[in-house]
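Have a look at the structure below before the remarks.
The values are calculated or read from the model by the stated rules, or taken from the named source; none is laboratory data. No experiment lies behind these values; they were computed from the predicted model shown. Here the Cβ positions follow ideal geometry from the backbone for every residue, glycine too, while neighbour counts run over all protein chains shown.
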Amino acid sequence: MKKLDIFKKGLFVENPIFVLLLGLCSALAITTSLTNAIGMGMAVICVLIMSNLIISLLRKVIPHEIRIPVYIIIIATLVKCVQMLMNAYTQELYTSLGVFIPLIVVNCIILGRAESFASQNTIIDSLLDALGMGIGYTIAVVVISFFRELIGTGGLSLFNPFDGSQVIFQFELFGDYAISLLTQPAGAFITLGCILAFIQFWNNRKSKKVGGQ
Amino acid sequence: MGLFSLFIGLCLVNNVVLSKFYAVCPLLGVSKKPKNALNMGYAVTFVIVLASAITYLLYHFVLVPLDIKYLDLITFILVIASLVQFVEMFLKKTSPEIYKAMGVYLPLITTNCAVLGVALDNISSGYNFVESMVAAVAVSVGFTIVIYLYATIRERLEISNVPESYKGIPIALITAGIMACAIAGIAGLV
Amino acid sequence: MKKVIQMALFLAIVAGLSGAALSFVYNLTDPIIQEAAIASEKENLVQLYSNGEEFKVVETNFGDYPTLQGVYEVIKGGSVKAHVYKGSVTGYGGASSPIVFLVALEDGKYSGYTVLEASAETSGIGTRIKDAEFKDNIVGTDIGGSVDTLSGATVSSKAVVNSIKEAAKHYQENFK
Amino acid sequence: MNFYAILWVGVLVAVMIASYLLNKRTPLPEGCEEVVCEGCADIACSHNAAHQKEE
């Protein structure tokens, strides 16, 4: 598989959230604001790259029968390290993401990529796959939070994750026409449902057009 | 806070699945038939209560005295994983018919966000042992209720005419969203 | 048999590496986290202990003590000199703007007391809990001993006294 | 302090691997056919299609 294909595959064709439907727990919960989404995306990318790297390094050494438990140990260690680093250096982001950083451990994306890809491919391919999947996850989470925040609060705002006070951009479009339902948990389900419906609509239309000619 | 209001609070008001998004993957993936959903609910209830008890005891009698609180995440996830394996083995040995009903869902629970989520919440909200047990039971009862109701709705969805592009997962998510609206309706209870 | 030994050896290495990595990162980040946690409270605590003591956050969530917000250790010359409890109670001004205060407990006695916020108390009556008169009722009495309330400002002072009792109970359970 | 950390992780890993191996070795009770569910792409679930290919 060409190197670029591995990377591109993770972005759209096999996007972890929109196509593989992995890691929905965290995707729905933290997409209330753009900063959360990007912060969580960065955390997932870090963990994914490190875990794919370590697992592809050790792939020949790990006994076949107990590979899943070993992956769980490696991923749990990495997630805890990322959690402590975030607690120390990006305090506001850490408090706003809350319990969902430790929950990356049970996020099916990382274990899924470790088992189905990193355990059979070379280090470079695994890194590319991790990068593709991580950025795919971040794009998906940013898209969801874009809709939820824009329609939910009528405006968009992005803070610098490293120190909360510095605002990168913040603007208010239609403050009093906002549908605040979207910022509540119910809105997360509906937003993701509509986005997935649009993707399915797009795929059906494409296949029908190809079938039509 | 009284134990009863804690129970209602966690079981219905801020229900774990609909308001904190724990265990959304099993909700979408597994619940096709209500009977299966109930079996899954029992399996999850059994594991969550056991896991919360063990993780609480381990945290307060091993991690705190040894001052290695930073090992909480790896302890919890390894305890949950081995608990699932022990429960599956125990069921295989002692009662095949329970295993036939519940055994299918046990391996799924290792990556279930609800089990780890409850264990972490019990610690971070400073509950004592009784309160965390009540919280564990409340969460699992709430999970079972939601997944059972959800399965009955999805059964009816299979035979209703859904717009072409909404078939499958999108309509499942919209249904969950409407259920979340309903649950949000009783927010003022506690 | 060889496979079992090989597997056991591999697992020991993985466990060792994982434990070592975790404790290394912990030692690296813990001081920063402690520093950040105490920074927000430092300027309050300095009102009670202002000659160069160190402060450390001990606990911030209390399951069955609703009015307690936090307990901090006052460290002087490496040893714990005193404990400071931060309480937040509903005074006369209602729950929306609570009374927030600090009380210091040192070798068996209440050794310090200061009010951080009491904006909604009626001035002249409720705000008397900030004056020296109420402070003298507290400072000097034994931990757990009865603190008499202010005549004429019973609502606010009663709330503070009850919270101090809770702090004493927590202190006797955890630090005695 | 680090010594306890490594010791404790070692104990945890040992317990987990023991449970994992013991569970793999206990035979399925008769009559329980091997269920393959593709309902979800959860790799850790031992009923996942990926595991069937190897066994």
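Exactly one of (1) assigned to a loop (DSSP other than H, G, I, E, B); (2) facing another protein chain (nearest Cβ under 8 Å) is unmet by B:S82. Its number? Unmet for B:S82, out of (1) assigned to a loop (DSSP other than H, G, I, E, B); (2) facing another protein chain (nearest Cβ under 8 Å): (1).
For C:D142, the conditions (1) charged (D, E, K, R); (2) modelled with pLDDT of 85 or more; (3) over 24 Å from C:K42 (Cα atoms) are fulfilled apart from (2).
Is there a residue being part of a helix (DSSP H, G or I), among the β-branched types (V, I, T), out of contact with any strand residue (DSSP E or B) (no Cβ under 9 Å at 6 or more places or on another chain) and touching a residue at least 24 places away in the same chain (Cβ under 8 Å) anywhere in the range B:18-36? Yes, the range B:18-36 contains a residue that is part of a helix (DSSP H, G or I), among the β-branched types (V, I, T), out of contact with any strand residue (DSSP E or B) (no Cβ under 9 Å at 6 or more places or on another chain) and touching a residue at least 24 places away in the same chain (Cβ under 8 Å). Suppose the filter is among the basic types (K, R) and under 19 Å from the mean Cα position of the chain (by Cα); does A:R205 pass it? It is false that A:R205 is among the basic types (K, R) and under 19 Å from the mean Cα position of the chain (by Cα). Condition check for B:G103 on (1) touching a Leu at 6+ places or on another chain (Cβ under 8 Å); (2) at pLDDT 90 or above: one failure, at (2). Scanning the range B:101-143 for residues that are within 14 Å of chain C (Cβ to nearest Cβ) and either within 14 Å of the chain's Cα centre (by Cα) or in a helix (DSSP H, G or I) (or both) turns up B:L120, B:D121, B:N122, B:I123, B:S124, B:F129, B:V130, B:E131, B:S132, B:M133, B:V134, B:A135. Of the listed requirements (1) at pLDDT below 85; (2) assigned to a helix (DSSP H, G or I); (3) closer than 30 Å to C:Y26 by Cα, B:D67 misses just one: (2). Contact map, the range C:115-138: first residue of a type in the set (F, W, Y), second residue part of a helix (DSSP H, G or I) and surrounded by 14 or more Cβ atoms within 10 Å (Cβ to Cβ), Cβ cut-off under 9 Å, separation 6 or more or different chains; pairs are C:F134/C:R128; C:F134/C:S157; C:F134/C:V160.
When A:A76, A:A130, A:A88 are checked against the criterion of being under 22 Å from D:V11 (Cβ atoms) and small (G, A, S), a single residue qualifies: A:A76. Within the range A:81-124, the residues that satisfy the criterion of being within 14 Å of chain C (Cβ to nearest Cβ), of a type in the set (S, T, N, Q) and in a helix (DSSP H, G or I) are A:Q83, A:N87, A:Q91, A:T95. Within the range A:55-80, the set of residues being more than 8 Å from every other protein chain (Cβ to nearest Cβ) and either within 30 Å of C:E35 (Cα to Cα) or in contact (Cβ under 8 Å) with a residue 24 or more places away in the chain (or both) comprises A:I55, A:S56, A:L57, A:R59, A:R67, A:Y71, A:I75, A:L78. For A:I190, the requirement of being touching a Gly at 6+ places or on another chain (Cβ under 6 Å), without any contact (Cβ under 8 Å) to a residue 24 or more places away in the chain, within 14 Å of chain B (Cβ to nearest Cβ) and part of a helix (DSSP H, G or I) is met.
Among the residues of the range A:165-213, those that are of a type in the set (S, T, Y) and out of contact with any Leu (no Cβ under 9 Å at 6 or more places or on another chain) comprise A:S165, A:Y177, A:S180, A:T183, A:S207. Here is a list: C:V14, C:V25. Which entry is hydrophobic (A, V, I, L, M, F, W, C), more than 8 Å from chain D (Cβ to nearest Cβ) and crowded, with 16+ Cβ neighbours inside 10 Å? On inspection, the qualifying residue turns out to be C:V25.
Here the condition is being assigned to a strand (DSSP E or B) and within 14 Å of another protein chain (Cβ to nearest Cβ); of C:G112, C:G70, C:G87, it holds for C:G70 alone. Does the range D:1-27 hold any residues that are at pLDDT 70 or above and outside any helix (DSSP H, G or I), and which are they? Matches in the range D:1-27: D:T26, D:P27.
For A:E172, the stated conditions do not hold, so it cannot be described as away from every other protein chain (no Cβ under 11 Å), within 23 Å of B:M179 (Cα to Cα), of a type in the set (D, E) and touching a strand residue (DSSP E or B) at 6+ places or on another chain (Cβ under 8 Å). May I ask you to verify whether B:T152 is among the β-branched types (V, I, T), assigned to a helix (DSSP H, G or I) and farther than 14 Å from B:V24 by Cα? So B:T152 passes the test.
Does A:L48 satisfy the criteria of being under 14 Å from the mean Cα position of the chain (by Cα), crowded, with 22+ Cβ neighbours inside 10 Å and not in a helix (DSSP H, G or I)? No: the conditions fail for A:L48. Here C:S123 fulfils each of the conditions (1) loosely packed, with under 14 Cβ neighbours inside 10 Å; (2) modelled with pLDDT of 80 or more apart from (2).
Scanning the range A:56-70 for residues that are surrounded by 13 or more Cβ atoms within 10 Å (Cβ to Cβ), of a type in the set (A, V, I, L, M) and not in a helix (DSSP H, G or I) yields A:L58, A:I62.
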